[in-house]
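A.B. asks: Below you will find the structure I want to go over with you.
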Amino acid sequence: MSRIYILSIFFIACISLQYSCTSGKKTEREPLTHYLFAYFTSNETAGQQVCYAVSDNGLDFTPINGGRPVIASDTISRSGGVRDPHLLRAEDGSILLSLTDMDWQLGKWTCRGIVLMKSDDLIHWQHSTVHFPERFKGEEFALADAVWAPQTIYDPTAQKYMVYFSLHSPKDGPFPQDAVFYAYANPSFTDLEGSPKRLFRYDGPSIDTDIVRDEAGLYHIFFNTWGGGLQGTGRRKFTATELTDTATWTLAEGLMKPEGVTMKSEGSSAYPLNDGSAWVLAYDCYADGVFHFCTSTDLAHFTLVRETKTEGNFTPRHGSILPITTREYERLTNYYN
C-alpha cells in the first residue's frame, strides 16, 4: 500500500471522526457534514457586525437570518464595530471566536484591541474585550494603533490556545511596519496571558495570518504582505513543525494563489472539505467585489473553483469557515430562519 494512499485514508478518518487536525487531539463527535461562514459585510458601522452563511459543499454559501447580523457588535465591542471573525472548534467541542475590535468610520488607526468569545451552540456567546492601552499599560504594546485580525489555534506543545494578530504603531513607535505577534489565552478564553511575543519575522509587512495544521502534522502559516518586489498584495506561506520554534519554519517560494489570478485580496481562511478530498483556501478580493474559493491537495498549489460575486444580501468581507455537524446546521437554520 502506497504512502499517499495511507495518508489519504488517515485524512478521511480524521474528518469522519471529527479529529481536530488543527489541534492534534482526537475527540469522537458527530460527523461533520456542513460548513459555517462567519464574516462582516462593509466598512460602514452597520456592516461591521458578525453575519453567518451556511453550505453543504464548502463552496456555495447561503446567508441565514436574511443576511442580517447574528451578533450585534455594539453589545460585545468597545469601538462599536467588529471585523475579521475567526472561528475555531476547541478541544472540548466548544467554539472560539476572535474578532478585531474596530469601527472603520472612526479612522484606520483607531483599532486598539480584540474581542474574545466562546459558545457551546454558535448562538449564545460569552464575550470579553482585550483593550491593549489598558491591558498592557506601560508596555510597548499599549502604543499599538492597529491590532489586526486575531485568530486562534491550539498549540499541543504548550497545551494552550494561541491567539495571533498583527500589530502596527505610528512610525516613531515600536511597530512602524505591520508585524505578527501572539499570546496564549487564559483557560476561560477571556483574556491573554503575559505579554505578546513576535511570532515570526519577515522582510516586509505581515498581516492577516491564518494557520492550519495538515493531516501529517505540518503547520501552514499563510500571511499577506506587499512591497519587496511584489506586484500589489501577495499571500505568502511558511511551513513549520513547531508553532513557536522558528528554526523549524520554511518560507515557501512564490505567492499562494491560483496561476493567473492578479486580484488584490486579504483575509484568507483555509479549511478541509468534510469528505477529505481537498483543502479550500477562501479569501476576500475586496477591490473587485468577489470572494474566491480555491481547492488544493497540498496547500501549496491552488485551483480557483468559485468566484462568488458579493451582492444582494450576501456581501462577505474577511471572515472564516468552520466545518459543522448536521445538528449544528439545523440548530442555526431553525433559530435564525
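Any read-out appearing in this document is the output of simple, stated calculations on the displayed coordinates, not a laboratory observation. Note that the coordinates shown come from a computational prediction; the quantities given were computed from them, not determined experimentally. Here Cβ is always computed from backbone atoms with ideal geometry, including for glycine, and neighbour counts include all displayed protein chains.
A.B. asks: Got a sec? Charge dipole of the chain, +1 on Cβ for Lys and Arg, -1 for Asp and Glu; which of THR262, VAL147, LEU59 is way out at the positive end?
C.D. replies: Of the candidates, VAL147 comes out farthest on the positive side.
A.B. asks: Using the Cα centre of the chain as the reference point, and only Cβ charges (+1 on K/R, -1 on D/E), how large is the resulting charge dipole? Debye, rounded to the nearest 20. List each step's numbers first, then the result.
C.D. replies: Working: 29 positive and 40 negative charges, 39 e Å.
Roughly 180 debye, rounded to the nearest 20.
A.B. asks: Only helical DSSP H runs with n ≥ 4 go in: add -39500 (n - 2.57) per run for the chain, normalise by residue count and round the 222 nm mean residue ellipticity to 500 deg cm²/dmol. Working shown, then result.
C.D. replies: Values: 3 runs with 29 residues, N = 337.
Calculated mean residue ellipticity at 222 nm is -2500 deg cm²/dmol.
A.B. asks: What does the convex hull of the Cα atoms come to per residue for the chain, in Å³?
C.D. replies: On the way: hull volume 44.1 nm³, N = 337.
Per-residue hull volume (Cα only) is 131 Å³.
A.B. asks: Follow-up. What are the semi-axes of the equivalent ellipsoid for the stretch 131-199, taken as the square roots of 5 times the Cα gyration tensor eigenvalues, largest first, in whole Å? Each step should come with its number before you reach the end.
C.D. replies: Numbers: eigenvalues 96, 33, 16 Å².
Sorted largest first and rounded, they come to 22, 13, 9 Å.
A.B. asks: Along each of the three principal axes of the Cα atoms of the stretch 188-318, give the extent in whole Å, ordering the values from largest to smallest.
C.D. replies: Rounded to whole Å, the extents work out to 44, 38, 35 Å.
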